[in-house]
Amino acid sequence: MNQRVVKAIIERAGFETVLVENGQLAVDYVTSNACDLVLLDCQMPVMDGFEATRRIRQLPKPLCDTPIVALTANALESDRQRCLQCGMNGFLKKPVAVDEVRDMLESCLGETLVQDSV
């Protein structure tokens, strides 16, 4: 459900989204496709978001510099620190709020979004 909500918010802001089923597929996708931003759930099958982040950070430039944001139900400060320590650029807690997704997009992409678009 959260995946669909975030997808709708991002698409409403005018961005294209691609969904994959697990962390390994996320790494594979980033390896062969230019991405402006990657949102990773910390708890995914096959490969979790932490390991997927580590692997993306090991890719050659410019792929390794792709902004990565955690999407997680674990909302403690220690969870946020773990995400940042493994190389993620940001942290969104579930359930997501529209303004938090908008702020994250602006922060990671360096663009100001029109308030009515999200």
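Bear in mind that the values in this text are calculations on the coordinates, not laboratory data. The structure presented is a predicted model; accordingly, all values stated were derived computationally and were not measured. With ideal geometry, Cβ positions are generated from the backbone for all residues, glycine too; neighbour counts draw on all protein chains shown.
Here the spin labels are modelled as points 7 Å beyond Cα on the Cα-Cβ line, and at Asp103 and Gln3 they lie 2.6 nm apart. Full extension of the chain between Asn74 and Arg54 yields a length gain of 5.3 nm, computed as 0.36 nm times the residue separation minus the alpha carbon distance. Here the relative contact order of the range 10-86, from alpha carbon pairs under 8 Å that lie six or more residues apart, stands at 30 percent. Look at the dipole of the chain built from charges on Cβ: of Leu37, Ala13, Phe50, the Cα furthest out on the positive end belongs to Phe50.
Once you reduce the range 76-94 and the range 8-26 to the center of their Cα atoms, the two points are 19 Å from each other. Candidate cross-link partners of Lys61 among the lysines, defined by an alpha-carbon separation under 27 Å and a same-chain spacing of 8 or more, comprise Lys7.
With an a/c value of 1.5 or above and a/b not larger than b/c for the gyration tensor axes a ≥ b ≥ c computed over the alpha-carbon atoms, the range 51-111 is described as oblate.
Taking the Cα centre of the chain as origin and assigning +1 to Lys and Arg Cβ atoms and -1 to Asp and Glu Cβ atoms, the resulting dipole is close to 280 debye.
Each Lys or Arg adds one and each Asp or Glu subtracts one; over the other residues with Cβ under 14 Å from the Cβ of Ala8, this totals +2.
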